[in-house]
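**Student:** If you scroll down you'll find the structure; I have some questions about it.
The values are calculated or read from the model by the stated rules, or taken from the named source; none is laboratory data. This one's a predicted model, so the numbers in the text were calculated from it and none came from an experiment. Counting neighbours? That spans all protein chains shown, and the Cβs are built from the backbone with ideal geometry, glycine included.
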Amino acid sequence: MANVSFQAIPQQVANLNYAQLKRLRHEVEQNIAHDQVGQAISDREETVNHCPHCDSHVLNRWGMTKQGIQRYKCKDCGKTFNALANTPLYRMRKAEKWVNYTKLMWDGISLRKATKKLDINLRTSFRWRHIFLQNPANLGTSELKGVIEADETFLPESFKGKRKLDRPARKRGGGRVRQVLILSALDRTGAITHQVLERNTRENIQAALTPLLSEGSVLCTDGNQSYRGIARDLNVDHKRLIGLDNQRVIDDVYHTQTINNYIMRWKTWLVGFNGVGKAYVPNYLSWFRFMELHQEHTEQTWLREAL
């Protein structure tokens with residue numbers, strides 16, 4: 001569009017009523033989102049170099065999908081696919097709403113609120129959330145180094161979204177509430193890991209920590225006796241901070257304040273969801289970790305992670 005023609009648009013906007021302004025904003029946001037998705041997919045197309053069916057690298061371009069996504073045909077197996085094959089976004093529809101949906105994820109908006117804001121089905125909103133969480137949930141930390149802080153936390157077990165309970169029903173406020181155990185650990189470089197454990201036993205904690213610890217590391221924990229044996233078995237230096245002794249820092253270096261602060265922030269953020277089903281706790285841990293690691297993000301960050 002010529003610059004002279006564009007200059008006339010802001011002047012016309014001043015004459016629009018409220019309903020027309022809302023419609024205009026909706027159209028502008030949709031076009032911006034569509035262009036952002038198109039740009040991300042275009043970048044993805046440049047990286048496609050093998051067939052997802054047979055792993056051959058001999059490909060031909062094979063037209064476009066209705067949405068304008070590049071299709072390919074493998075010369076070896078003869079099968080066709082598009083640039084989104086083998087990504088969480090494969091066969092997802094309503095691409096013009098993806099960016100706006102991820103904006104709501106940055107804000108921690110509930111499923112029902114996202115459904116209302118974007119005019120989509122509740123099942124679609126639920127499916128999209130966990131599609132965008134697939135890759136962050138798979139990006140676990142393989143090793144922690146140096147000074148490592150570890151601690152456990154608990155959440156009340158929730159059966160949110162389930163039609164059947166695996167225990168007898170109880171009245172609200174009555175009976176003992178089962179807890180979901182979560183082990184979290186991090187090092188001073190910012191690497192974070194977490195795992196949902198079945199029981200709070202030394203064996204379970206050791207099985208989760210052993211692959212992460214390396215020789216020469218220093219493990220900082222609370223007074224849980226399990227860590228003493230774990231550190232001894234793995235030949236790792238152990239700093240044990242016991243709250244009852246009012247001992248919060250050792251040698252001005254070793255403490256568990258960083259991991260405790262991280263857990264507190266995650267639990268505060270989680271309150272807005274009014275409970276999380278046990279099966280989905282790992283996804284919500286990964287969701288928060290992803291946002292913590294991408295505090296300087298763009299509107300395409302979630303989208304590019306999914307690609």
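**Student:** With the structure loaded, tell me whether Val253 is in contact (Cβ under 8 Å) with a residue 24 or more places away in the chain and surrounded by 17 or more Cβ atoms within 10 Å (Cβ to Cβ) or whether it fails that test. Even if it seems obvious, please write down each step before you answer.
**Tutor:** Numbers: in contact (Cβ under 8 Å) with a residue 24 or more places away in the chain: yes; surrounded by 17 or more Cβ atoms within 10 Å (Cβ to Cβ): no.
When the stated conditions are applied, Val253 does not pass them.
**Student:** Regarding the range 102-114, can at least one residue be identified that is in contact with an Asp or Glu (Cβ under 8 Å, 6 or more places away or on another chain) and either of a type in the set (Ser, Thr, Tyr) or in contact (Cβ under 8 Å) with a residue 24 or more places away in the chain (or both)?
**Tutor:** Yes; the residues of the range 102-114 include at least one that is in contact with an Asp or Glu (Cβ under 8 Å, 6 or more places away or on another chain) and either of a type in the set (Ser, Thr, Tyr) or in contact (Cβ under 8 Å) with a residue 24 or more places away in the chain (or both).
**Student:** Spot the failing condition for Tyr262; the list is (1) free of Cβ contacts under 8 Å to residues at least 60 places away in the same chain; (2) of a type in the set (Ser, Thr, Tyr); (3) crowded, with 18+ Cβ neighbours inside 10 Å, and only one is missed.
**Tutor:** Failed condition: (1).
**Student:** In the range 48-71, what residues are closer than 30 Å to Asn100 by Cβ, modelled with pLDDT of 90 or more and either polar (S, T, N, Q) or assigned to a loop (DSSP other than H, G, I, E, B) (or both)?
**Tutor:** Val48, Pro52, Gln70
**Student:** Okay, next question. For Gln206, indicate whether it is over 15 Å from the mean Cα position of the chain (by Cα) and either of a type in the set (Val, Ile, Thr) or buried (at least 17 other Cβ atoms within 10 Å of the Cβ) (or both).
**Tutor:** Spelling it out, Gln206 is indeed over 15 Å from the mean Cα position of the chain (by Cα) and either of a type in the set (Val, Ile, Thr) or buried (at least 17 other Cβ atoms within 10 Å of the Cβ) (or both).
**Student:** How many residues does the range 201-213 contain that are in contact with a helix residue (DSSP H, G or I) (Cβ under 8 Å, 6 or more places away or on another chain) and of a type outside the set (D, E, K, R)?
**Tutor:** Number of matching residues: 6.
**Student:** Out of the range 217-228, which residues are assigned to a loop (DSSP other than H, G, I, E, B) and either of a type in the set (Val, Ile, Thr) or free of Cβ contacts under 8 Å to residues at least 24 places away in the same chain (or both)? First the steps, then the outcome.
**Tutor:** Step one: of the range 217-228, the residues assigned to a loop (DSSP other than H, G, I, E, B) are 217, 222-225.
Gly223, Gln225, listed by residue number.
**Student:** Another question, if that's okay. Here is a list of conditions, (1) among the acidic types (Asp, Glu); (2) over 22 Å from Gly272 (Cα atoms); (3) assigned by TED's automatic domain parsing to the domain that holds Val180, and Glu157 meets all of them except one; can you say which number that is?
**Tutor:** (2)
**Student:** Please count how many residues of the range 72-109 are assigned to a strand (DSSP E or B) and either in contact with a helix residue (DSSP H, G or I) (Cβ under 6 Å, 6 or more places away or on another chain) or among the polar types (S, T, N, Q) (or both).
**Tutor:** 2
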